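What follows is a set of notes on a single structure, which appears directly below.
The values are calculated or read from the model by the stated rules, or taken from the named source; none is laboratory data. These numbers come from a predicted model, not from an experiment. Note that each Cβ is placed from the backbone with ideal geometry, even for glycine, and that neighbours are counted across all protein chains shown. Areas reflect the complete protein model, heavy atoms only, side chains present, ligands, DNA and RNA absent. Shrake-Rupley method; radii C 1.70, N 1.55, O 1.52, S 1.80 Å.
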Amino acid sequence: MRIQSLAGAWEFRQAATQEWSPATVPGGVHTDLLALDRIPDPFVGDNEKHVQWVAETDWEYRYQFTVNSEVFNQPQIWLVCDGLDTLAEICLNGLKLGHSTNMFRQFRWDVKPLLQSGQNELYVKFDSPVGFISEKQAIRQMPGVSHAIPGGPYIRKAPCHFGWDWGPKLPPIGIWKDIRLEGGEKARIEDVHLTQMHNEGQVTISAKVTVERWETTPCSVEMHIKSPDGELFETELIIPSESEILLQIVIPNPQLWWPNGHGKHPLYQVSIVLHSNGQSLDQRDFQLGLRTIELRQEADEWGRSFTFIVNGLPIFVKGSNWIPADSFPTRITDDYLEMLIKAAADTHQNMLRVWGGGFYEEERFYDLCDRYGVLVWQDFIFSCSVYPLNQPEFLENIRIEIIENIRRLRHRASLALWCGNNEMEWGWVDWGWKGSELEDMKAAYDQFFHHTLPTWCASEDPDHAYWPSSPSSDTPFEDPNGQQQGDAHYWDVWHGRKPFTAYRDQFPRFMSEFGFQALPPLSTIRTYADEADWNMTSYIMEQHQKNDSGNQLMVAQMLDTFRLPERFDSLVYLSLVLQAEGIRYGVEHWRRHPKRVSGILYWQLNDCWPVASWSSLDYFGRWKALHYAAKRFYAPLLLSIEDKQSVQDVYITNDMSKTWEGTLLWSLETLAGKVLKSNKEPVHAKPYDVTPVCQLDFSSQINDDNRRDLVFVAELMQNEQIQTRQTSYFVPTKHLNLVEPGISTKLSTDQDQVLIEIKSLSLARLLECSLEGIDVVFSDNYFDLPAGRPVVISIPLPAGWTLSQVQKALSIRSVYNSYAHGAAN
């Protein structure tokens, strides 16, 4: 196959205008206008409102090119568009090729008869997506997301492009993926279906190859497999007349792919090459991890399990929900994408749920998940809305979309599950989607998600489980958020204003969504709000809060836990640690019950723009307190405390394959470090299990006069080295008698790392470290530091910095500094 890219420098203009301006492809109208300074940055202030006209307008793109001779001389030439967003009419040299109504599909047109030996012009006209859905919605209203432009279900475009309760209303328009000419002769590879069979210590890799042919010339297909160690395996077969062939290679002593935290993630490189008379006609390349995976649902004492099994091992899932990483996806760089996924892996996450309100991610996303051992729960792109699934044309458009994307992703080592939609079954049950006017839509939903879609999935990819909706009990329209079977979304703490302790009342079989908001770090707030707007109820701050009453919900829960902060920067800090504490409370509870709860995915990992949200990584990739907390609460060895007034129950959760042995040191002490009672306990924590270590009743030591001055400290020790520490208290943090903690630091270097030893004279609650003027990731942050217990954390030495510069830029604060006079240390 001969390829000529058509990406690069294009021209664009608003429809019905004369002037053409420079554009970039892949790209979009918003980013092209930004590059020309014709619109303000939509992410700053309230500029989002001032650029609404862009998506309400039709746009035109054109590209003039000459076909290189290598492509032009091929007997077959196609124009291939990997992604058109969304309503596009495509013309070549003045003749219409076709149109797109789906941003998730690839479009391919035969253009050999239309190409000229000299200059050619490709023209793409994009209709306004807002105009389209508004017309459809005026004819028949489809219930949808209250925070979005109405009518989104009528178009196959990322639902969140029209707005969400964390995202702006900025629907992109443009050529958002690669566009190219493909020239070939005799035949091309139409499809490759890779499967693997594990048996008696070896793996058989099969490739069912479908070939499109235009000539009867004999062809053959080769399969080449390169192991992670460089060992080569090859086979070749002649293609029979029916143009479909099955190739197989047996891999002895296979290197198995494991999820993050359970082993390595070796990848085999697979190439499928089409030949004719010694000439290479086409080639497909894949990376393949060798592993088995199943979703095991078995009857047990609580109902029915929901456990992912990889290579025969039950995996406790620890992860988060993934949303599109930018409102304008063509701005996402390879480095930025890897930074986000690596940050998930660095916090021991082994699964990301690609949420159904975004889009099917690009190959590079799944490449990274394969490499980092991150499983993918893949939603199909339907979310929180009623869709016109009874319309034949709409259904056929979806059928092609789904088959293309299943075929694109089914070989992935990271792929764990296909899920029909996000929260739509829950919507039919509990969201008021009632009445005779919606009966046909409910029947269409039932047919599609419980019959049609699972049939497509079973036909195209029988090796992965299908799940109808998230959440779901797998019994249509019955108890979709139940605790007996299936997965659950629990939002009563955020939307229902329940306390964090309510998490302990929940025992879902798999918690696939729950969350609590925080503001982004102050350095991110600076990018969209002037200092005059630094107030939770200011106009600009509320423009960057897309959830109804979200800032009020944050502050209300904050005041249940902390004292009223003195300054805005302290309020930002408290919102960050509040979020971390709340999610920690839930995760630790569910990790104490792994036989009942098989997995946890918090909402959400990332942001698509700078905003107050549920994310643990903000739009710029800055680690919020929650992300540091995730590194601790998702650690393979978890020390947790179930506090019950004066009683402290201590548990060890061990996700490792071997018994962990060490010692638990505990003490009841004052905030100033005076020990009232202490002891040590031997620990033998069994693999893949939870071990209750001790139950301590301090009712005889604690009374109303001293409970505000006390802290319970638990430390896990091994070989006289502290492995992890936990603290708990007997009153809310706002009632603790905190004093200036008297923090001191000592800095040193070890190769390219800066070591920071921190001590405190009195308890430093939720200590935050930062470097002024630069973003760094600390080895640990936002933790409690009891009196007299030095801790050493580290950061990479910033390029060009000296140790004295780091010392000068280092800032440390704790809860005490949020309300006491004086800035952070």
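Among residues other than residue 683 whose Cβ falls under 12 Å from its Cβ, what is the net charge (Lys/Arg +1, Asp/Glu -1)?
Residues close to residue 683 contribute a combined charge of -1.
Using a 1.4 Å probe on the protein chains only, how many percent of the accessible area of segment 494-592 belongs to carbon and sulfur?
Working: 1630 of 3250 Å².
It is 50 percent, rounded to a whole number.
Suppose all protein chains stay in the model; what accessible area per residue would a 1.4 Å probe give for segment 703-792, in Å²? Mind showing how you got there, number by number?
Working: 4260 Å² over 90 residues.
Value returned for segment 703-792: 47 Å² of accessible area per residue.
May I ask you to compute the full-extension gain from residue 751 to residue 36, defined as 0.36 nm times their residue separation minus their alpha-carbon distance, rounded to one decimal in nm?
Gain on stretching residue 751 to residue 36: 252.9 nm.
On C-alpha positions alone, give me the angle between the axis of helix 334-346 and the longest principal axis of the chain, in degrees, nearest 10.
40 degrees
Compute the acute angle (0 to 90°) between the alpha-carbon long axis of helix 550-561 and the principal axis of greatest extent of the alpha-carbon atoms of the chain; round to the nearest 10°.
20 degrees
Roughly how many nanometres apart are two label points built 7 Å out from the Cα toward the Cβ at residue 774 and residue 299?
6.2 nm
Within segment 190-218, which residues have the backbone N less than 20 Å from the label spot 7 Å out from residue 279 along Cα→beta-carbon, could you tell me?
In segment 190-218, the label zone of residue 279 (backbone N under 20 Å from the point 7 Å along Cα→Cβ) covers 190, 211-218.
Which of the peptides 735-746, 590-601 is most tightly packed, and how do the rest follow, judged by the mean count of other Cβ atoms within 10 Å per residue?
On the way: 735-746: 16.7, 590-601: 21.0.
Highest to lowest by the protection proxy: 590-601, 735-746.
Using the Karplus curve 6.51 cos²θ - 1.76 cosθ + 1.60 with θ = phi - 60°, work out ³J(HN,Hα) for each residue of segment 249-257 in order, rounded to whole Hz, and write x for Gly and Pro.
9, 8, 9, x, 6, x, 8, 7, 8
Over the chain, what is the relative contact order in percent, taking alpha-carbon pairs closer than 8 angstrom and at least six residues apart?
Reported relative contact order: 9 percent.
Would you please state which residues of segment 172-187 a label at residue 214 would reach in this model, taking the label point 7 Å out along Cα→Cβ and a backbone N cut-off of under 19 Å?
180-187
Ignoring ligands, DNA and RNA, please state the percent of accessible area on segment 242-331 from carbon and sulfur, probe 1.4 Å.
45 percent
Leaving out ligands and nucleic acids, and using a 1.4 Å probe, what accessible area per residue does segment 316-411 come to in Å²?
25 Å²
When the Cα centres of segment 254-303 and segment 65-83 are compared, how far apart do they sit, in Å?
Between the Cα centre of segment 254-303 and that of segment 65-83, the gap is 32 Å.
When the accessible area of segment 334-464 is split by element with a 1.4 Å probe, what percent falls to carbon and sulfur? Working shown, then result.
Values: 2000 of 4010 Å².
Carbon plus sulfur share of accessible area: 50 percent.
Based solely on its DSSP helices, what 222 nm [θ] is calculated for the chain when runs of n ≥ 4 H residues each add -39,500 (n - 2.57) and the sum is averaged over all residues, nearest 500 deg cm²/dmol? Provide the component values of the computation, followed by the final result.
Working: 18 runs with 161 residues, N = 825.
About -5500 deg cm²/dmol.
Which residues in segment 182-215 have a backbone N closer than 13 Å to a point placed 7 Å from the Cα of residue 243 along the Cα-to-Cβ line?
Under cut-off, by backbone N: 185-191, 210-215.
What's the local net charge at residue 83, with K and R +1, D and E -1, over the other residues with C-beta under 13 Å away?
Details: positive: 105, 108, 156, 157, 177, 180, 408; negative: 82, 85, 178, 361, 362, 363, 401, 404.
Residues near residue 83 contribute -1 overall.
What is the spin-label model distance, in nm, from residue 231 to residue 364 if the labels are put 7 Å beyond Cα along the C-beta direction?
Spacing of the two 7 Å Cα→Cβ label points: 3.4 nm.
What is the extension gain from residue 704 to residue 119, computed as 0.36 nm multiplied by their sequence separation minus the C-alpha to C-alpha distance, in nm to one decimal?
201.9 nm
Fully extended, how many nm does the chain gain between residue 539 and residue 675 (0.36 nm per residue separation, minus their Cα-Cα distance)?
44.0 nm
Output the 0 to 90 degree angle, nearest 10, between the alpha-carbon long axis of helix 363-372 and the longest principal axis computed from the alpha carbons of the chain.
Tilt relative to the chain: about 40 degrees.
Could you work out the relative contact order of segment 318-370, using alpha carbon pairs under 8 angstrom and six or more residues apart, expressed as a whole percent?
Result for segment 318-370 is 53 percent.
Which peptide among 411-417, 482-488 comes first, and what is the full order, when sorted by highest mean count of other Cβ atoms within 10 Å?
Top of the packing list down: 411-417, 482-488.
Measuring from centroid to centroid over Cα atoms, what is the spacing of segment 1-25 and segment 620-648 in Å?
What the calculation gives is 50 Å, centre to centre.
Excluding ligands, DNA and RNA, what is the solvent-accessible area per residue of segment 588-702 at a probe of 1.4 Å, expressed in Å²?
Using a 1.4 Å probe on heavy atoms only, each residue of segment 588-702 averages 35 Å².
Only bridges with both residues in the chain count here: give the DSSP antiparallel percent, nearest 5.
So the antiparallel bridges amount to about 85 percent of the total.
Can you give the local net charge around residue 243? Use residues other than it whose beta-carbon is closer than 14 angstrom to its beta-carbon, Lys and Arg +1, Asp and Glu -1.
-3
For segment 470-487, in order, what is each residue's ³J(HN,Hα) by Karplus, 6.51 cos²θ - 1.76 cosθ + 1.60 with θ = phi - 60°, in whole Hz (x at glycine and Pro)?
Karplus values, whole Hz, x for Gly and Pro: 10, x, 7, 9, 6, 10, x, 6, 10, 6, x, 10, x, 9, 8, 7, x, 10.
Kirkwood Rh over Cα pairs of segment 388-495 into Stokes-Einstein at 25 °C, 0.890 mPa s: D in µm²/s?
Numbers: Rh = 15.1 Å.
For these conditions, the coefficient is 163 µm²/s.
For residue 546, give me every one of the aspartates and glutamates with a C-alpha distance below 14 angstrom, ignoring sequence neighbours fewer than eight places off in its own chain.
46, 48, 165, 607
Modelled label-to-label distance, residue 451 and residue 684, 7 Å Cα→beta-carbon offset: nm?
Reported label-point gap for residue 451 and residue 684 is 5.7 nm.
Checking the cross-link filter: which lysines have an alpha carbon closer than 19 Å to that of residue 186, excluding same-chain neighbours under 8 positions apart?
112
For residue 680, list the lysines whose Cα falls under 27 Å from its own Cα; do not include residues on the same chain fewer than 8 positions away.
631, 644, 658, 759
Given a Förster radius of 56 Å and the C-beta distance between residue 65 and residue 740 as r, what FRET efficiency does 1/(1 + (r/R0)^6) yield to the nearest 0.05? The partial results should precede the final answer.
Numbers: r = 69 Å, r/R0 = 1.23.
For residue 65 and residue 740, the calculated efficiency is 0.25.
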